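Everything on this sheet refers to the single structure shown next.
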Amino acid sequence: MDLDIDTDNNNGFNEPDMKPIEDNYEDVQGASDHPGKIMGVNDNDDDSDRIPDFADGFNWDYNVLGSDSDKNDNINAAEKFIPIVLKIHEPIELTNAIVRIGGDYIDSDPMAVTRDNNGVYHLPQDDSNLRIWSKPGNVRHNPHKIENGGDIITQGTYPAETLGFSNGIRQVTFYLEAVRPSNKRGVTSMSLSSVSRSPFAGYHTCSRLNDVPANLRPLQVFFEAFIPSHL
Ligand SMILES: [Ca+2]
Ligand SMILES: [Ca+2]
Ligand SMILES: [Ca+2]
Ligand SMILES: [Ca+2]
């Protein structure tokens with residue numbers, strides 16, 4: 001199992017290089033000179049429709065208020081999210097695997113965005129600062145949870161198939177949207193775990209498959225992302 005993000009910050013909004021140097025940086029947890037992927041808060045307005053982008057692209061008015069009176073919030077065709085790539089290698093049986101998404105990740109619920117009487121959008125008043133989507137930024141999003149047919153992935157445990165894996169699809173790309181700066185030293189981490197339900201499953205914590213003793217299954221990978229107040 002491997003999780004790749006552009007930890008050396010040279011791919012912008014493109015997929016990570018998936019080279020060893022990115023894996024190496026994944027292991028420098030908490031080191032200030034290796035903060036992980038540096039992400040901007042998505043409070044700008046890339047498509048110039050006066051809807052802040054954290055409230056754009058998922059048909060907020062329809063999904064929250066029940067009326068699609070504003071078409072502008074249905075899509076943000078100019079938006080870019082940060083891709084992360086999760087690979088689950090053979091021989092893990094993906095029809096039986098479960099993936100846990102946790103660590104410090106606390107999803108920011110797009111359905112919890114509110115709009116006040118002045119038309120100003122607000123994030124929910126909680127500690128969440130990140131969203132993991134199953135689709136890139138420039139397409140329409142369904143803000144419901146992925147297990148309910150939507151596109152947002154919250155912390156929790158999923159059958160691998162719910163996240164798009166199968167024995168023929170061992171690599172899936174997810175997309176990160178930062179909505180608030182990191183509040184703990186600017187570091188956010190996330191872990192994904194795969195548990196094979198087969199009886200030979202062992203337990204190990206590692207971010208690189210090569211580090212895992214042959215008799216153990218890799219179970220946990222992580223990345224760090226740094227969301228500064230200003231880029
Ligand atoms: Ca934006
Ligand atoms: Ca917008
Ligand atoms: Ca709408
Ligand atoms: Ca829009």
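Only the coordinates and a few stated rules stand behind these numbers; no lab work does. From a predicted model like this one, the values you see are computed outputs, not experimental measurements. With ideal geometry, Cβ positions are generated from the backbone for all residues, glycine too; neighbour counts draw on all protein chains shown.
When residues of segment 123-156 are filtered for being assigned to a loop (DSSP other than H, G, I, E, B) and under 13 Å from the mean Cα position of the chain (by Cα), how many remain?
To start, the set of residues in segment 123-156 that are assigned to a loop (DSSP other than H, G, I, E, B) comprises 123-129, 134-144, 149-151, 154-155.
In the following step, the residues that additionally are under 13 Å from the mean Cα position of the chain (by Cα) were identified as 128-129, 134-137, 151, 154-155.
So the count comes out to 9.
When you scan segment 87-107, do you find a residue that is touching a Phe, Trp or Tyr at 6+ places or on another chain (Cβ under 9 Å) and within 16 Å of ligand 3 (Cβ to nearest atom), even just one?
Looking through segment 87-107, none of the residues is touching a Phe, Trp or Tyr at 6+ places or on another chain (Cβ under 9 Å) and within 16 Å of ligand 3 (Cβ to nearest atom).
With respect to the numbered conditions (1) in contact (Cβ under 8 Å) with a residue 60 or more places away in the chain; (2) within 16 Å of ligand 4 (Cβ to nearest atom), which one is the sole condition not fulfilled by PRO110?
(1)
Looking only at segment 79-95, which residues are surrounded by 15 or more Cβ atoms within 10 Å (Cβ to Cβ) and more than 16 Å from the chain's Cα centre (by Cα)? Give the derivation first.
Here is the first cut: in segment 79-95, the residues surrounded by 15 or more Cβ atoms within 10 Å (Cβ to Cβ) are 79-88, 92, 94.
The answer is ILE88, ILE92, LEU94.
Please name all residue pairs, on different chains or six or more residues apart, with Cβ atoms under 6 Å, provided the first residue is in segment 48-77 and is touching a residue at least 12 places away in the same chain (Cβ under 8 Å) and the second residue is of a type in the set (A, V, I, L, M) and within 9 Å of ligand 4 (Cβ to nearest atom).
Here the result reads GLY57/ILE75; ASN72/ILE51; ASP73/ILE51, each pair linking segment 48-77 to a residue that is of a type in the set (A, V, I, L, M) and within 9 Å of ligand 4 (Cβ to nearest atom).
For segment 64-95, how many residues meet the condition of being within 15 Å of ligand 1 (Cβ to nearest atom) and among the basic types (Lys, Arg)?
1
Name the residue that is farthest from the chain's Cα centre (by Cα), counting only residues in segment 41-78 that are of a type in the set (S, T, N, Q), more than 13 Å from ligand 3 (Cβ to nearest atom) and surrounded by fewer than 21 Cβ atoms within 10 Å (Cβ to Cβ).
First pass over segment 41-78, keeping only residues of a type in the set (S, T, N, Q): 42, 44, 48, 59, 63, 67, 69, 72, 74, 76.
Filter again for more than 13 Å from ligand 3 (Cβ to nearest atom), leaving 42, 44, 48.
If we keep only those that are surrounded by fewer than 21 Cβ atoms within 10 Å (Cβ to Cβ) too, we end up with 44, 48.
Numbers: ASN44: 19, SER48: 25 Å.
Taking the candidates together, the pick is SER48.
Mind checking which residues of segment 62-74 are more than 9 Å from ligand 4 (Cβ to nearest atom) and under 27 Å from PRO181 (Cβ atoms)?
ASN63, VAL64
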